[in-house]
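Student: One structure, as structure tokens, below. Some questions next.
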Number of protein chains: 2
Amino acid sequence: MSGETESAAAAASDTSEAIMEATYSALCKHGYADLTMQNIADESDKSKASLHYHFDTKEELLLAFLDHLYESFTAEFATTEGAHAVDRLITFVDEVLCKSDVEGAEEFQTALMEIKAQGPYVETYREELERIDAFVRDRVREIVADGIEEGLVRDDVDPDDTAAFVATLVDGVNTRRVAIGETDGSTRNIFVAYVRENLVAPGADVAVDGETLGAVSEGED
Amino acid sequence: MSGETESAAAAASDTSEAIMEATYSALCKHGYADLTMQNIADESDKSKASLHYHFDTKEELLLAFLDHLYESFTAEFATTEGAHAVDRLITFVDEVLCKSDVEGAEEFQTALMEIKAQGPYVETYREELERIDAFVRDRVREIVADGIEEGLVRDDVDPDDTAAFVATLVDGVNTRRVAIGETDGSTRNIFVAYVRENLVAPGADVAVDGETLGAVSEGED
């Protein structure tokens, strides 16, 4: 790449990043239904005309935003720290759920819920939402399969079922947080209990949060 | 009550019922964000002016609608058929989830999701949503407590935890149906597995859908 092309590309990337950040702020402030190109322009140093140069419609911009969300979400959660697969599974769920503790997160979850309610009407939004969901399920599936490999997860556990279960719980927690303001963390306890009772192999020596999750070995009395 | 008062009360109740039905139809057709008093009037034999005679604002009408939803939901699910508590628990979850098979249900769930996204902004909506949620959790709590009493559910199961779990799953399923069109019923399998592994008492003779859910009794080999 020539120096000129390189800096043009860098400038384009900066512009794109700035528009995405402005979209995030505008969504938190106005929600989806009341969002306008002017709201987004107001959150950036761009004019409304300059936004329209990049995106014809609000839907087009939102689609680019959901794509950007997918990219940053998948980059952030591509790997999970943990001593073993069961630990990584719980950490992954904690991390995905705790996204909501960062500033503006409640407002953003609320706007995202409005966008989800567009799913039946805007096929392109639904496709982006499906990609994010498929990523969450893939990560859970991989971690559970690793756990079976490591002998810590029962070999009759279906990684697909666990993935569907985790994705449904995460959606449920996010919905409840927005709709009724529930943030009591009760779901984490339920999830840990589920892991202990339904996933951990009998006799496996697995500790999470200092608590041993392994089922009592059969010989023990 | 005199005959005249009685028929006036009956007429008022008919009017109210007609407005609620028109609101349901208008929500299915237009969603919440685009809903107007005119849309609702168009679905009934009332004029917009006559709706305004009963309700000053769209928010006031929607609040009455959510109250009506609570009343019909709680009347419909006040009792659950079943041979025993575990059977009733699974039937209750099936029934709550299968609400979505009736005509217009997908459109209604979508509008309801928009209303849930208003939770952080409209406190009165949130209160109505909380009442419906509290009812679901109460029913689950009662059924699980009955199951412990009957000796079919393990006595170390916390009815509150189970109630929170079921409510979260139901919200997750409804969100996924709207956002990504998922209707594969995978959650029912997960739920039945959860009941089998986490709730049913060891040795209890419990059959659901012809499948025995009771954990293998300790003496069996």
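The values are calculated or read from the model by the stated rules, or taken from the named source; none is laboratory data. The structure presented is a predicted model; accordingly, all values stated were derived computationally and were not measured. Positions of Cβ are generated from backbone atoms using ideal geometry, with glycine treated the same way; all protein chains shown enter the neighbour counts. For accessibility, only protein heavy atoms count, side chains too; no ligands or nucleic acids. Shrake-Rupley method; radii C 1.70, N 1.55, O 1.52, S 1.80 Å.
Student: At the nearest 100 Å², what buried accessible area, both sides summed, do you get for A and B when the probe is 1.4 Å?
Tutor: Numbers: alone 12060 and 12100 Å², together 20910 Å².
Buried area (both sides, nearest 100 Å²): 3300 Å².
Student: Could I ask something else about it? Sorted by mean Cβ packing within 10 Å, highest first, what order do the peptides B:179-190, A:84-95, A:6-17, B:73-84 take?
Tutor: Values: B:179-190: 17.7, A:84-95: 20.6, A:6-17: 11.2, B:73-84: 13.2.
Highest-to-lowest ranking by the protection proxy: A:84-95, B:179-190, B:73-84, A:6-17.
Student: For residue B:29 and residue B:42 in the same chain, what is the full-extension length gain: residue separation times 0.36 nm, less their Cα-Cα distance, in nm? Mind showing how you got there, number by number?
Tutor: Values: separation 13, 0.36 × 13 = 4.68 nm, distance 1.12 nm.
Taking 0.36 nm per residue and subtracting the Cα distance, the gain is 3.6 nm.
Student: Okay, moving on. Under DSSP H, which helices of chain A have Cα atoms covering 30 Å or more of the helix axis and a Kyte-Doolittle average no less than 1.6?
Tutor: Values: long enough: A:3-30 (40 Å, -0.16); A:123-150 (40 Å, -0.84); A:159-180 (31 Å, 0.36).
Sorted by number, there is nothing, because no helix extends far enough and scores high enough.
Student: If you don't mind, another one. Hey, which of these cross-link pairs are over 30 Å Cα-Cα: A:48/A:116; A:116/B:58; A:58/B:46? Could the numbers behind the result be given before it?
Tutor: On the way: A:48/A:116 26 Å; A:116/B:58 23 Å; A:58/B:46 36 Å.
Long pairs (Cα-Cα over 30 Å): A:58/B:46.
Student: With springs only between Cα atoms under 10 Å, which of B:161, B:133, B:67 fluctuates most in a Gaussian network model of chain B?
Tutor: The residue that fluctuates most here is B:161.
Student: Another one. Please give the length that would be gained between residue A:49 and residue A:98 if that part of the chain were fully extended, namely 0.36 nm times their separation in residues minus their C-alpha to C-alpha distance (nm, one decimal).
Tutor: Residue separation times 0.36 nm, minus the Cα-Cα distance, leaves 13.9 nm.
Student: Short version: what are the Cα gyration tensor semi-axes of segment B:1-141, square root of 5 times each eigenvalue, largest first, in whole Å? Walk me through the numbers before you get to the answer.
Tutor: Numbers: eigenvalues 166, 83, 41 Å².
Largest first, segment B:1-141 gives 29, 20, 14 Å.
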